[in-house]
1. What is the calculated FRET efficiency for Glu384 to Glu237, with r their C-beta to C-beta distance and R₀ = 51 Å, to the nearest 0.05?
2. So in the chain, which Cys have no other cysteine's beta-carbon sitting under 4.7 angstrom from theirs?
3. Check which residues have an amide H placed less than 5 Å from Asp10's amide H, if you skip close sequence neighbours.
4. Using modelled backbone amide H atoms (1.01 Å from N, in-plane), which distant-in-sequence or interchain residues come within less than 5 Å of Val380's amide H?
5. Just the number, please: Stokes-Einstein D of the stretch 1-90 in µm²/s, Kirkwood Rh from C-alpha pairs, 20 °C, 1.002 mPa s.
6. Where only protein heavy atoms count, and the probe is 1.4 Å, what is the accessible area per residue for the chain in Å²?
7. Round to the nearest 0.05 the FRET efficiency obtained for Asn567 and Asp170 when R0 = 45 Å and r is the Cβ-Cβ distance.
8. If ligands, DNA and RNA are left out, what is the accessible area of Val429 with a 1.4 Å probe, given in Å² to the nearest 10?
Amino acid sequence: MLEKMGDRLDPDVVIEEFEALSRDAGRVQKETLKKILEENGETEYLMKWGLNGKTDPISFKSCVPLVTHADLEPYIQRIAHGENSSILTGKPITTISLTSGTSQGKPKFVPFNDELLENTMQIYKTSFSFRNREFPIGNGKALQFIYGSRQFKTKGGLAAGTATTNVYSDKKFKTTMRAMQTSCCSPDEVIFSTNCEESLYCHLLCGLIFQDQVQVVSSTFAHGIVHAFRTFEGKWEDLVNDVRRGELCSWIKTPSLRTAMSKLLNPNPGLANIIYNKCMGLSNWYGVIQELFPNTKYIYGIMTGSMEPYLKKLRHYAGDLPLLSADYGASEGWIGANVNPELPPELAKFAVLPNIGYFEFIPLKEDLIVEPQPIELTEVNIGEEYEIIVTNFAGLYRYRLGDVVKVKGFHNSTPELQFICRRNLLLTVNIDKNTEKDLQLAVKAAANLLEEEKLEVVDFTSGIDSSTEPAHYVIYWEISGEASEELLKECCNCLDKSFLDPGYVSSRKVKTIGALELRILKKGTFHKILDHFVELGAAVSQFKTPRCVGTKNQTLLQILRHNVVKNYFSSAF
Ligand code: AMP
């Protein structure tokens, strides 16, 4: 357990603990695997693979196969249905996490337990301790745009909710936030309201009420902060009014929110005037966060991977405040902490905590891997890319998370990973191969052209249209205003030219892939998409815009189809 100074966390102790673990990453990994296998060796799953009590890495790797979520799904289903024998874990699983489902189309069930919660706190405390050395904070609050999603019971009576909801609803979360001097401004009623729009409004209002105490503005993913301040742009006058009158505006209907907010609100015309004048003095909302919350030391959240496209807007809202990228993990478990907070988000890397799981890495050097040969944590090479495999304390053994990472260096003997992208291909018609990263780069290049007319891409997604012969890529854009026809044609050509994968370029040249199509969406379409996912049970906290919409996702395709206002075909080839 981490030592504390009274109620406060002692960053030096946490850092020393991490240094010790990372100095001896190889040994810690072996011990961690041993512990996992000792605790769970008698489970149906591990018995099936004939480990027979062996706990060393060689036996583990030769007996237990690499798996994907689909392989484990039947086991997880039985757990969710209430079978309480030792299926995947020695200790019974009592809680199920739902993944965000935004990368795969539908949420997946994964086991959640106390060990995962402990890992979460360890990651939070580790990165906080390093952060606090560079960007110290005093006593204060955090404006955290966090949301619990609907929790429910599985058929077998297990509690189920998104991983973030499972974390936020545990009292350890609050204790840890207090220890890190970053208690959330908002009461639980706001965090756990099932009406996300009302909840967001109240988060903003709580931030304004405690505006001089706010030291950190954060959300799980950067999208959450951008979404919050985009909403602020439209609602700020109502918010100022509420502060002035000490009363919540009437469109917030949820009784628990009204009661909770009434306890925080008092008429405060002085503060309302200050906020009003600050907002009026801003140019296109540049620096709004810094202006409204003058004691903020930094903005915090996951800013890497699929969050990178929001960085520009986030910087705009942040003004001069530093953006600090948060840690790397998944509903399935955590992987690494950001122990180099001074690096800009584009360069963020995550030091693997060797005691929270057993990690393996499939080298992605060769394109045609028939039999993947994973290597150990301490065997990875700087500059190379790998697919990451997780074995954890919550019943996942040699589990392919589906992420590609690059080794950027080592912290002592533990690697520091940069998140590259999801492994699965996003866009492919025939021999072409484009990942989320390729799409992101193409959109970035084309979006730069919009700057000429002071416009920006609010959000984007993509798909393949196979109704034409040959099939072609479709990129969907929501933009911040009206762009000229010429400019959009230019953007469309730029998108087509920016997919540099040789398979794509050659297929375009010989016309085995049709001209790329850019479809412009009505303002607010991505808000509707967010609402759609929230309705399915996703949490706003974990929301990631799906970057590719397949034909299986008809509802989403319909939302997109109904909101297209214009389309353009590329003439780049
Ligand atoms: P989920 O559990 O569904 O909310 O999403 C987990 C996934 O989010 C991971 O597998 C990654 O693809 C992505 N993710 C999590 N943390 C980061 C990070 N720091 N940088 C980039 N992507 C991340």
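1. 0.45
2. Taking the Cβ cut-off of 4.7 Å, the unpaired cysteines of the chain are Cys63, Cys184, Cys196, Cys202, Cys249, Cys279, Cys421, Cys491, Cys492, Cys494, Cys548.
3. The list, which skips near neighbours in sequence, is Met5.
4. For Val380, no residues qualify.
5. Answer, rounded: 136 µm²/s.
6. On a per-residue basis, the chain sits at 41 Å².
7. 0.45
8. Accessible area of Val429: about 50 Å².
The values are calculated or read from the model by the stated rules, or taken from the named source; none is laboratory data. Owing to the predicted nature of the structure, the values given are computational and were not obtained by experimental measurement. No Cβ is skipped: glycine too gets one built from the backbone with ideal geometry, and neighbour counts run over all protein chains shown. To get the accessible areas, we keep the full protein, side chains included, count just its heavy atoms, and leave off ligands, DNA and RNA. Shrake-Rupley method; radii C 1.70, N 1.55, O 1.52, S 1.80 Å.
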